[in-house]
Amino acid sequence: MPCERKPMRYGHSEGHTDVCFDEQGKCIVTCGSDGDVRIWESLDDDDPKSINVGEKVYSVALKNGKLVTAVSNNTVQIHTFPDGDPDGILTRFTTNANHVTFNNSGSRVAAGSSDFLVKMVEVADSSQQKTLRGHDAPVLSVALDPSDEFLASSSCDGSVAVWSIESQTQVAQWKVLQKSSDVSNAKSLCRLAWQPRSGKLLAVPVDLTVQLYDRNTWTHVSTLSDDLITQVVNVVVWSPCGKFLAAGTVGGNLLIWDVDAKLCIDRQKHEKGFTVCGMAWHPSGGRIAYTDTEGCLGLLEGVTSSSSTVQSSKASAAKEANDYDDLFDEDDDRMLDEGMSDSRSPVKKPIMEDEDDDDDDDDLMPATGRARNRGSFLDDDDNSQDPGSVKLDRLPEEEGNSAVLPAVAPVVSRPVYDGPMPTQPQRAFQPGSTPAHLMHRFMMWNSVGIVRGYNDDQDNAIDVEFHDTAIHHAMHLTNTLGHTMADLSQEAVLLACEGTDELASKIQCLHFSCWDTHKDWMVDLPKGEDVRALCLGQGWAAVATSALMVRLFSIGGVQKEIFSLPGAVVCMAGHGEQLLVAYHRGTGFDGEQALGVQLLQLGRKKRQVIHGEPLPLSRKSYLAWLGFSAEGTPCCIDSEGVVRLLNRTLGNTWTPVCNTRDTCKSKSDHYWVVGVHENPQQLRCIPCKGSRFPPTLPRPAVAVLPFNMPYCQTTTEKGQMEEQYWRSMLFHNHYGFLSSSGYEIDSESQAQAEKEQQELLMKMFALSCKLEREFRCVELAELMTHSVVTLAIRYASRSRRMALAQRLSELALEKANELQEEEQENEEPVYQREYRASNQMNSRQEQEENGCEEEEEEEVEEEEYPQEGQMDAEESTETKKKFLNPFKKGEKSPEKPSPKPVSREGRANPFKVSSAGKSSGSPAGQPRTTNVLDSMTMSRKPAAFSGSSKQTKAPVLKPLAPKPKSKTQATLLQMSASKGNSKKLEDSQSEAEKVKPAPVAATPPVSKENTENRKPKTGFQLWLEENRKSILADNPDFEEMDVIKEGMGRFRTLSAEERLNWTEKAKGDSDPKKRKREDEDEEKAGEQMESDEASAKKKKPLDTSAKLSAFAFNKE
């Protein structure tokens, strides 16, 4: 007879408690030291009815609609049930009454007190009392014989006495208990119990056993014990059939014996080992309620002992036996014989099966809301050959051993469903609200305020309170329509009620942020359509109805779009322009809920972000809360306390970030969530002791729980840093979402978060280095930004891990290339902006000479892009040449034809037409050509080179230091920066060389001075010269700029090593001093060029990544 122990529920304050059932078993009644009597409809009742009867209540009994309590004011009071109205005082003592009990008929009440007296009182007439005197110490407990002949009592004097009610004298006494001075000092409460119906046996808890005494001889007949019992037995209770006996101990053990077999058939342990001080068996025998000294209520379900009564009655009809007890003995022997070969819980399935055929199966159904054994719901399950499911009453009646169950004759089989059972779908609810049946409840508690509903005999109203009174003052609304749903935003209060036979379901909105005088509007839904859920957003309201539709309204009351849901709605939430809807996408099985979720954007461009994907929940749980964080990230919480956050960067998956059950002290404790914040990382909730919902009064206090993602080995340093890093990444994803949605974000907080993330990566990198996990180090470096990789290279070099530093150097080059490609993807809009800027600049300067004009251009550019000046200063270490702006437009640009190339180094800009008399090659003016790609990079983010933030796509910080310390580092600067920015500058500067406009008149060959002032060729320029013919052969219709763009695209496809070779070649070919000597003496210049190239190769390190490693190590 294995049973299931349900989680404990908080019922009363810490101290002694007692429990009983009503006669029908519909309610559980408990009392405690807080002076309250609570009536529970079930263990899951979150709002039990409470009756205050005094300062402390020591015992409670219920019969015939009369509730009797032993109260600390020395009285035994009576109240009506279930109303709880006072119905007088039955009797008084000089001290506390410790225990009260009814007789079988409910006409008498027996009470024992600390003044050594036991009283018998007639319920109908409390003046008729009998007092039993004889104990020498406080009375612990009393018990009335089922036939009303005897009364048993236990006392702190160490005795158990049996009294004749008629003669008021003792008929038996056993000195079996330990003596004590008071009930509070007694080692056991020694709750006595008579066997039901016959009253044949009296059960007395004595130390670690339960002793049974026969009523006919008043002698000890048997002892029930078990090895599990290590502390004193405190309370005993019989099953309604009188077949089984349950006991609770001071150590929290719960045991059930088969009395006739003297066999312990079930053992349970209190979840926290607290003392069991109250027990009651359900009238149907299906479950046992118990309470402990901490004020908690528990339940054992699946206790099916009552079916033995049914078996006995059937066996009695078959055998026509007259002795009730003999029937139990024989039936029990047969059950035990059958089950011994099967398991230690022999009677579970046979008893459950047998219940089905009985006419009184309503009383014998399991007490839980779902099937414990599916066979109990299948009538006449004749096809099952499982020995555990064969029905006992169909076995041949034999006096001998009939234990061989497989030998039963085969019966006619028929198909029986034995698969998973469907789950009852959860009802729709409002996140942040308490159940609608409560008289005083929270209709909504969110980050804006609180909406309370009151529905009692005095008032039916709604109170609206704002956390920030600057939004609006508090409101008191008369709830004449009976609204049961509400939502609250910074713009409005939305209320709704379900329809009735006469009235339609209504939606009412109080738009308090409205600037006109009409601040409310109301809409009636079509007949037969009821509101199931509602929510408010920024400028809109949404209502889900029973017709599987969602209706959208503007905040002013304009009806907008309508769309259908695939299933019945469970709840909805809104935030800004986002609408989140959870609904039933199907039928769940075995306790699971099958929910789907949709996320919609209701801005100007309406779109669906999540298209009905399943909503993940814990095993056998349901959705408890759905909403958004304060930053706008969808979040959900299930009944098991698991908090999940939407991860937008991982394909809109749900990531568990917290489990509120980890911080609960008891299984019956819960946290009621009212808000989620990502920055700072806080889960705002209300602790509920012994309940899932808080009461409205007194106002509950909000607690703040931290987030903790369920990563492995979080007790280790590595696991802790991994959890912190990925939690930081997840909780700062909202910055990207908000910025993409057009919201302003706190750049300082974002930068601080990114800094913390990179610091964690660096710590994990250092830890991996110490553990000699170099491969893991590279994996961590892949998550770092470009600038932090240089720090990792430095750390690896100082740790003498040169192989690791080498691989990190290669990784740094790859990241530099990625930065370059990302920047070039966004060049076109910047190109257009630069073109417009050039036009504005030229309109002011069209009357000036070429030299002055270009100097003013430089000043304007330096004002607009201050970082460009820094870049030019760095490049001036080798050359200080200025370039012409290729987008500079002259005065007569529309009439001029396309210019011709000036020399082999430069080609005409097809977009530029020079004004008359202007020469791009004038040596006096020293015109400076603005690099096109350089300008694009600078204009995209003015502070692009000022930080290492990932969002700003910043290149390396270290290589862009203004003053390199050595020639080696300067070379490295050109190498690494060229991959991210500097190389892009050189490549694009070569474009500017090629597109120099020609003067109107014939231009003589370029002078020596002008040759010296030209920017040296870059690798891209050299590559383009050699591959120009192939590009034009593939695309004969290309203009000059098309050729350059195509060339840039092909050049980027080359490997990093090939591009580096071209760059080095360009450096060797473009030395200005070499050019000067070439003009004076070509042969000597040729020889010098060869020697310079050889020396350049000698200076070049064997591996370019080694340069980056050396730079990172020596920099600063």
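The values are calculated or read from the model by the stated rules, or taken from the named source; none is laboratory data. This structure is a prediction, so every number in the text was calculated from the model and none was measured. So basically every Cβ, Gly included, is an ideal-geometry build from the backbone, and we count neighbours across all protein chains shown. Ligands, DNA and RNA are stripped out before the accessible areas are found, and what is left, the full protein with its side chains, is counted by its heavy atoms. Shrake-Rupley method; radii C 1.70, N 1.55, O 1.52, S 1.80 Å.
Take Cys635, Cys3 and sort them by solvent-accessible surface of the protein heavy atoms, 1.4 Å probe, largest at the top. Working shown, then result.
Numbers: Cys635 0, Cys3 20 Å².
Ranked from most to least accessible, the order is Cys3, Cys635.
Could you sort Asp157, Asp456 by their accessible area in this structure, using a 1.4 Å probe and putting the largest first?
Descending order: Asp456, Asp157.
Give the long-range amide H neighbours of Asn98: residues separated by 5 or more places, or on another chain, with amide H under 5 Å away, using H modelled in the peptide plane at 1.01 Å from N.
Gly112, Ser113, Ser114
Per-residue counts of other Cβ atoms within 10 Å, averaged by peptide: what ranking do you get for 53-64, 652-663, 1052-1063, highest first?
Working: 53-64: 20.9, 652-663: 17.7, 1052-1063: 15.2.
Top of the packing list down: 53-64, 652-663, 1052-1063.
Percent of Cα-Cα pairs per 10 Å bin, from 0 to the last occupied bin, for segment 417-464, please list those.
23, 36, 19, 12, 9, 1
Whole-Hz ³J(HN,Hα) for each residue in segment 440-448, computed from phi via Karplus 6.51 cos²θ - 1.76 cosθ + 1.60 with θ = phi - 60°, x for glycine and proline: what do you get?
Running phi through 6.51 cos²θ - 1.76 cosθ + 1.60 with θ = phi - 60° gives 10, 8, 8, 7, 6, 9, 9, 6, 8 Hz.
Could you give the dipole magnitude of segment 597-729 about its Cα centre, charging the beta-carbon of Lys and Arg +1 and that of Asp and Glu -1, in debye to the nearest 20?
460 debye
Return the Rg/Rh ratio of segment 227-274 with Cα-based radii and a Kirkwood Rh. Kindly include the intermediate steps, with their values, before the conclusion.
On the way: Rg = 10.6 Å, Rh = 10.9 Å.
My calculation of the ratio gives 0.97.
Normalise the Cα radius of gyration of segment 401-559 by 2.2 N^0.38 Å (N = residues in it) and let me know the number.
Scaled against compact globular proteins, the figure is 1.57.
Taking square-rooted eigenvalues a ≥ b ≥ c of the alpha carbon gyration tensor, is segment 643-717 rounded, prolate or oblate, where a/c under 1.5 means rounded and, failing that, a/b exceeding b/c means prolate?
prolate
Under Stokes-Einstein, with the Kirkwood radius over Cα pairs standing in for Rh, what whole-number D in µm²/s applies to segment 450-493 at 37 °C and 0.692 mPa s?
Rounded, D is 295 µm²/s.
Find the relative contact order for segment 691-804 and round it to a whole percent, using C-alpha pairs within less than 8 Å whose residues are 6+ positions apart.
Normalised by residue count, the contact order of segment 691-804 is 17 percent.
Report, in whole Å, the centroid distance computed from the Cα atoms of segment 661-698 and segment 706-785.
Each part's Cα centre sits 28 Å from the other's.
Provide the per residue accessible area, probe 1.4 Å, for segment 656-771, rounded to a whole number of square angstrom. Display every interim value, and only then the final one.
Working: 5940 Å² over 116 residues.
Result: 51 Å² of accessible area for each residue.
How large is log10 I(q)/I(0) at q = 0.12, 0.19 Å⁻¹ when the Debye formula is applied to the Cα atoms of segment 481-559, each weighted equally and without solvent?
Scattering profile of segment 481-559, log10 relative to I(0): -0.30, -0.73.
For segment 152-310, place one equal point scatterer on every Cα, skip the solvent, and apply the Debye formula. What is log10 of I(q)/I(0) at q = 0.09, 0.12, 0.17, 0.18 Å⁻¹?
-0.28, -0.50, -1.00, -1.12
If the limit is 27 Å between Cα atoms, which of Lys63/Lys130; Lys49/Lys667; Lys49/Lys200 go over it?
Values: Lys63/Lys130 20 Å; Lys49/Lys667 22 Å; Lys49/Lys200 37 Å.
Pairs exceeding 27 Å: Lys49/Lys200.
Residues with beta-carbon under 10 Å from that of His734, excluding His734: net charge, scoring Lys, Arg +1 and Asp, Glu -1?
My count for the surroundings of His734 gives -1.
Between Glu561 and residues 5 or more places away or on another chain, which pairs have amide H atoms under 5 Å apart, with H built 1.01 Å from N, and which residues are they?
Correct list: Leu552.
Taking the solvent-accessible surface of protein heavy atoms with a 1.4 Å probe, what is the per residue accessible area of segment 573-633 in Å²?
That works out to 43 Å² per residue.
Convert each backbone phi in segment 603-611 into a coupling constant with the Karplus relation 6.51 cos²θ - 1.76 cosθ + 1.60 (shift: θ = phi - 60°), then list the ³J(HN,Hα) values in order as whole Hz, x for Gly and Pro.
The phi angles translate into x, 5, 9, 6, 7, 9, 8, 10, 9 Hz.
Could you give the accessible area per residue of segment 79-236, probe 1.4 Å, as a whole number in Å²?
That works out to 41 Å² for each residue.
What ³J(HN,Hα) values, in whole Hz, does the Karplus curve 6.51 cos²θ - 1.76 cosθ + 1.60 give for segment 16-28 when θ = phi - 60°, with x put for Gly and Pro?
5, 9, 9, 8, 7, 9, 7, 5, 8, x, 7, 10, 10
In a solvent-free Debye calculation with one equal scatterer on each Cα, what is log10 I(q)/I(0) for segment 143-203 at q = 0.23 Å⁻¹, listed in the order of the q values?
For the requested q values the scattering log ratios are -0.93.
Sort segment 72-156 into rounded, prolate or oblate with this rule: let a ≥ b ≥ c be the square roots of the eigenvalues of the Cα gyration tensor; rounded if a/c is under 1.5, and if a/c is not under 1.5, prolate when a/b is larger than b/c, oblate otherwise.
Here segment 72-156 falls in the oblate category.
Separation between the Val704 and Gln129 pseudo-spin-labels, each 7 Å from Cα along Cα→Cβ, expressed in nm?
5.8 nm
Cα convex hull of segment 505-627: how many Å³ per residue?
109 Å³
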